[in-house]
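Written below as structure tokens is the structure these notes are about.
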Amino acid sequence: MRTLVHLSDLHFGTVREEIIQPLVGLIERIQPDMIAISGDLTQRARQKEFRAAREFLDALPFPKIIVPGNHDIPLFNLFARFTKKLDRYRRFIIEDLEPFYSDHEIAVLGVNTARSATFKGGRVNAQQVARMQERLGALAGLTKIVVTHHPFDLPESYSDKALVGRARMAMQQLAGANVDLFLAGHLHVGLSEPTALRFQVSGHSALIIQAGTALSMRVRGEANSFNVVRIQRPNIAVSRLTWRPDLKIFISAHSDYFRHTDTGWVRGDKLDYAEPEE
């Protein structure tokens, strides 16, 4: 079994300081095999915000896959936005914009969807999708995970405008690589759904897992939250932990269960998922 902590939209510069230590302490108790952070580590891509984000990351001594978000590109300095767009991110967070992690159970690939030409939306291009296919398609027997800031898929109730640019092309191509999970953020909303609700792609269904904002005051109708994803193939459990300011702790607020079938991932039942004996 593999345990992933999925954080997103930290937005250092607008964080609730009182949440940081409880979050770090809880992650230490969870002891994840890895942490996926799906972008927007800062609010305005300022040096002091990146330094604060770096300090937070250093407090979590676990393997990490981190990708930038649109807020990690300078907003008001147009020269820096278009000529040095992710220089500070690379300096303080990670140089690699397509980080990769694998072991004998999972393979996790990060992809940059942030673009200078758009202030909010994101995009992938054909070259990025080709590299994802090449890197993940050759792997067999692993649960394959893609981490981006902007979502490749959302439930049917969301408009296509909220999707990352060229999402339909990407989903078609990545189905051939048998990608299992797409982890993203951006909307500050937590959810997990099979991709077949929106896309019918060669009988293949992956899972879209969205994380809310873990630390920021910029909540959008939901409490601060993060996800814990437990993979025990052919089953996956996704738990959303939300911040309770009255108790000053994160508590488990919602869980979804999925199982893998001949046509991909579908909703399952808690009974399908049994943690291994100690």
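Under the rule a/c < 1.5 gives rounded, and otherwise a/b versus b/c splits prolate from oblate, where does the stretch 160-275 land using the Cα gyration tensor? Since a/c reaches 1.5 but b/c is at least a/b, the shape of the stretch 160-275 is classed as oblate.
Qualifying trypsin sites (Lys or Arg not before Pro) in the stretch 168-254, where qualification requires a DSSP coil assignment and no more than 13 other C-beta atoms within 10 Å, comprise 220, 248.
Measuring nothing but how far apart in sequence close Cα pairs (under 8 Å, 6+ apart) lie, relative to its length, the chain scores a relative contact order of 19 percent.
Once you sort the root eigenvalues of the Cα gyration tensor of the stretch 124-201 as a ≥ b ≥ c, which label holds: rounded (a/c under 1.5), prolate (a/b larger than b/c) or oblate (the other case)? Prolate shape, in that a/c is at least 1.5 and a/b is the bigger ratio. Could you calculate the contour length gain from residue 90 to residue 125, that is, 0.36 nm times the residue separation minus the distance between their Cα atoms, to one decimal place in nm? In short, 10.5 nm is gained. For the stretch 96-106, 3J(HN,Hα) computed residue by residue from phi via the Karplus equation (6.51, -1.76, 1.60; θ = phi - 60°) reads 6, 8, 10, x, 9, 9, 8, 9, 7, 10, 9 Hz, glycine and proline entered as x.
Which net charge results when you count Lys and Arg as +1 and Asp and Glu as -1 among the other residues whose beta-carbon is under 11 Å from that of residue 227? Once positives and negatives cancel, what remains is +1. Hydrodynamic analysis of the chain uses the Kirkwood radius over alpha carbon pairs. Inserted into Stokes-Einstein at 4 °C and 1.567 mPa s, it gives a translational diffusion coefficient of 69 µm²/s.
We did not get these values from a lab; they are worked out from the coordinates using the rules stated. Keep in mind that this is a model prediction, so the values were computed, not measured. FYI the Cβ positions are ideal-geometry reconstructions off the backbone, even for glycines, and counts take in every protein chain you see.
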